[in-house]
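Below: the structure, in structure tokens.
The values are calculated or read from the model by the stated rules, or taken from the named source; none is laboratory data. These numbers were taken from a predicted model, which means no experiment stands behind them. All Cβ positions, glycine included, derive from the backbone under ideal geometry; neighbour counts span all protein chains shown. Just the protein is used for accessible areas: all its heavy atoms, side chains included, with ligands, DNA and RNA removed. Shrake-Rupley method; radii C 1.70, N 1.55, O 1.52, S 1.80 Å.
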Amino acid sequence: MNRVMLGIRGIESEEQMRVVLEALLRLEGVTKAEAPHLGQVVVEYDPHRLTVMDLIRTTREQGFLAGML
């Protein structure tokens, strides 16, 4: 398993953060997604099934910009 921290722009509420976390957790290969701070998410994922770009793309599909921290 790999871990990555993503910074997410445009997050203004816990509800928006929850939407992003739920989208990431639906991905096959993500085992854990947590938000230590508003606008940041730590994702544990299987690198044989997903790439960091897959995680970023999923976040962007929720309407937010994301990138590695």
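See the values below:
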| item | result |
| --- | --- |
| Accessible area per residue in Å² at 1.4 Å probe, computed on the chain | 61 |
| Share, in percent, of DSSP beta bridges within the chain that are antiparallel, nearest 5 | 100 |
| Using alpha-carbon coordinates, inclination of helix 14-26 to the longest axis of the chain, degrees | 20 |
| Between 0 and 90°, nearest 10: helix 52-61 axis offset from the chain longest Cα axis | 40 |
| Protein accessible area in the chain, 1.4 Å probe - carbon and sulfur % | 49 |
| Selection from H48, V30, A66, by position along the positive dipole direction of the chain (Cβ) | H48 |
| Vicinal HN-Hα couplings computed from phi for the range 31-45 (Karplus, 6.51 cos²θ - 1.76 cosθ + 1.60; Hz; Gly/Pro x) | 9, 7, 9, 10, 10, x, 8, 4, x, 9, 9, 10, 10, 9, 8 |
| Surrounding net charge for E34, when Lys and Arg each add one and Asp and Glu each subtract one, Cβ distance under 11 Å | +1 |
| Other-chain or far-sequence residues with amide H under 5 Å of K32's (modelled H) | E44 |
| The chain: radius of gyration over Cα atoms, expressed as a fraction of 2.2 N^0.38 Å | 0.96 |
